[in-house]
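The values are calculated or read from the model by the stated rules, or taken from the named source; none is laboratory data. Since we're looking at a predicted model, the values are computed, not measured. So basically every Cβ, Gly included, is an ideal-geometry build from the backbone, and we count neighbours across all protein chains shown.
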Amino acid sequence: MLQFLVCSDVHTYTDNIRLAIRKADHIDAVLIAGDLEAEKDLVLSAVGNIPCYMVCGNNDYYLNTDYPQELLIDITGNIHTGSDASPGGPVIGKVTELGYDTVPGKDEGVESVRQNSFSAFFARLFGSRTADLPKGLSFPQHTFKRPADSIHRILMTHGKEYKVPDISLLAMRAGIWDADLVIFGHTHQFWDTTFQRGKIRLINPGCLVGDPKASIRAYGNYEICSFSLLRIGDRGEIDVEHLYL
């Protein structure tokens with residue numbers, strides 16, 4: 001089983017990452033969906049020797065860092081269908097950095113092309129009104145299928161550019177890249193929902209901002225010191241647990 005610590009919107013509270021790791025116990029990797037407002041060395045110090053994958057949030061552009069805008073994380077391995085689940089289960093395979101304007105192409109190692117119903121719907125909805133599109137985002141009229149050995153493909157992005165909490169654009173972007181899991185942030189609220197009849201699962205862990213010793217667990221509509229554990233089992237099953245510090 002793979003177990004990820006999923007967090008977002010740290011907003012300088014890097015010690016909360018360390019506390020979340022301690023509370024979660026075993027962690028295979030840390031996934032952070034932007035708005036860290038901290039240089040990479042501070043984040044990696046909090047994470048320790050655990051692999052860590054981060055994307056840039058709208059409050060991170062002033063930093064002297066190379067956080068990518070988006071990441072594709074392929075989970076590969078052998079799916080065990082019998083009752084004797086054994087070693088050789090899911091692992092982190094290829095990790096690909098994307099820009100908001102990146103579209104799939106041969107250099108991404110794609111295997112096949114098919115018409116994307118999300119893109120077709122979006123084109124009908126907006127027609128030629130390109131001014132209505134979020135600036136810098138690319139939505140081609142096709143999608144590319146992930147490799148056959150990819151059990152799950154995670155698209156991790158911050159979310160502001162997709163106008164969250166509306167998830168329609170975000171789900172369409174996932175469809176273009178054939179991602180069945182989306183991790184995003186920005187709203188500071190926990191989400192675990194599905195789109196396109198359960199084909200795409202979207203997870204927002206909330207935010208790791210604030211003092212975990214404070215008795216308050218929410219401020220207005222914002223959840224304070226919130227994170228998630230994402231577990232992927234040997235049969236590819238997914239479990240998400242929402243936790244607080």
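Name every residue in segment 141-168 that is among the basic types (Lys, Arg) and at pLDDT 90 or above, in order of residue number.
Selection gives 153, 160, 163.
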Subset tally (residues that are within 12 Å of the chain's Cα centre (by Cα), of a type in the set (A, V, I, L, M, F, W, C) and outside any loop (DSSP other than H, G, I, E, B)) for segment 47-73: 4
Restricting to segment 9-26, give me the number of residues that are modelled with pLDDT of 95 or more, within 20 Å of the chain's Cα centre (by Cα) and outside any loop (DSSP other than H, G, I, E, B). 5
All positions within segment 196-216 that are touching a Gly at 6+ places or on another chain (Cβ under 9 Å) and either outside any strand (DSSP E or B) or farther than 15 Å from residue 154 by Cβ (or both): 196, 199, 206, 207, 216
Considering segment 1-21 alone, what residues qualify as being β-branched (Val, Ile, Thr) and surrounded by fewer than 17 Cβ atoms within 10 Å (Cβ to Cβ)? 12
Among (1) more than 22 Å from residue 36 (Cβ to Cβ); (2) assigned to a strand (DSSP E or B), which single condition is residue 235 missing? (2)
Return yes when residue 77 is under 26 Å from residue 178 (Cα atoms), surrounded by fewer than 17 Cβ atoms within 10 Å (Cβ to Cβ) and modelled with pLDDT under 95 and no when it is not. no
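Residue 65: surrounded by 13 or more Cβ atoms within 10 Å (Cβ to Cβ), at pLDDT below 90 and polar (S, T, N, Q), yes or no? It would help to see each step written out before you state the result.
Values: surrounded by 13 or more Cβ atoms within 10 Å (Cβ to Cβ): yes; at pLDDT below 90: yes; polar (S, T, N, Q): yes.
So residue 65 passes the test.
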Go through (1) under 18 Å from the mean Cα position of the chain (by Cα); (2) without any contact (Cβ under 8 Å) to a residue 60 or more places away in the chain and name the single condition residue 220 misses. (1)
Restricting the first residue to segment 177-203 and requiring it to be without any contact (Cβ under 8 Å) to a residue 24 or more places away in the chain, which pairs with a second residue that is outside any loop (DSSP other than H, G, I, E, B) meet a Cβ separation below 8 Å and a spacing of at least six or different chains? 194/200; 194/201; 194/202
How many residues, within segment 83-111, are part of a loop (DSSP other than H, G, I, E, B) and modelled with pLDDT of 55 or more? 11
